[in-house]
Amino acid sequence: MSKVFLDDERIPPSGWTLVKTPKEAIDLLKTGKVTELSLDHDLGDDKNIGTGYDVLLWLEEQVYLHGFKPPEIIKVHSANLSARQKMELAIKSIEKKSNVGEVKMKQSDLIKMVKEEITSVLSEDGDGIEFQDSTVQIGGSQHPAYLFTVPNNPDGIDRIKRAKDALKDIYTFKLRGRHHDRKELLGAKYIPGRNNEVPLKQAEFIAVYAYPKK
């Protein structure tokens, strides 16, 4: 059993194993022998190294989809206040999901938590977002998904992009309908020549499917 301390500058407490990158932390977590985890957020190079939040995203996905048992204690020692708040929300989510049971969660429970994750990311201005149970076609078959709708204005588009950026490692986002500028909005593939293609700027609302990645 071990205690893991992720930081690029601080000296860990006695008895803790120091790691300096998210990958090193995740490699130790994969052993299943980590009992305590303490995370910094800023590690010197967000783009190439990543952040402490990336470790929580990995943990959440493993707990969420595969019944992985997280460390008994997870805490944040980052001085970055906004990042700290985001990370503490992720820890609460991990704790909640790990209490569901040791087995893989039901698909209905997974989809329910998509809504919780999106609303937590957009909690400061979540008014106006509408959710409904839906399905999305993947590889010729239908899969449960959440469909969330926002007004088609700069604020609505910003909400979609922020939700996608924050949750892209766990959820897939797919724009409903076939719009000319879907690639600009979500980076999704656009196939021209369909009868129902409509320029996004003409739509009153934007609807996006969100579903857990496998």
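The values are calculated or read from the model by the stated rules, or taken from the named source; none is laboratory data. Please read all numbers here as calculations on a predicted model, not as lab measurements. In this analysis, Cβ positions are derived from the backbone assuming ideal geometry, glycine residues included, and neighbour counts consider all displayed protein chains.
A few comments on the model shown:
- Flag if residue 86 is in a loop (DSSP other than H, G, I, E, B) and under 18 Å from residue 167 (Cα atoms): no
- Scope region 55-85; condition in contact with a helix residue (DSSP H, G or I) (Cβ under 8 Å, 6 or more places away or on another chain) and farther than 17 Å from residue 97 by Cα; matching residues: 76, 78, 83
- Residue selection: residue 49 fails the criterion of being in contact with a Leu (Cβ under 8 Å, 6 or more places away or on another chain), assigned to a loop (DSSP other than H, G, I, E, B) and either loosely packed, with under 14 Cβ neighbours inside 10 Å or charged (D, E, K, R) (or both).
- Every pair of residues 6+ apart whose Cβ atoms lie under 6 Å, when the first sits in region 1-21 and is closer than 10 Å to residue 37 by Cα and touching a residue at least 40 places away in the same chain (Cβ under 8 Å) while the second is surrounded by 16 or more Cβ atoms within 10 Å (Cβ to Cβ) and acidic (Asp, Glu): 6/40
- Being touching a residue at least 12 places away in the same chain (Cβ under 8 Å), of a type outside the set (A, V, I, L, M) and surrounded by fewer than 18 Cβ atoms within 10 Å (Cβ to Cβ) is a description that does not apply to residue 60.
For (1) modelled with pLDDT of 75 or more; (2) among the polar types (S, T, N, Q), each residue gets a yes or a no:
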residue: 129; (1), (2): no, no
residue: 132; (1), (2): no, yes
residue: 139; (1), (2): no, no
residue: 142; (1), (2): no, yes
residue: 161; (1), (2): yes, no
residue: 167; (1), (2): yes, no
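- Taking the conditions (1) at pLDDT below 70; (2) part of a strand (DSSP E or B) in turn, residue 189 satisfies each one other than (2).
- Answer residue from region 1-27, given it is part of a loop (DSSP other than H, G, I, E, B) and among the polar types (S, T, N, Q) and is surrounded by the fewest Cβ atoms within 10 Å (Cβ to Cβ) among those: 14
- Of residues in region 71-85 being crowded, with 18+ Cβ neighbours inside 10 Å and free of Cβ contacts under 8 Å to residues at least 40 places away in the same chain, the one farthest from residue 4 (Cα to Cα): 78
- Residue count for region 148-163 under the criterion of being closer than 11 Å to residue 130 by Cβ and free of Cβ contacts under 8 Å to residues at least 12 places away in the same chain: the result is 0.
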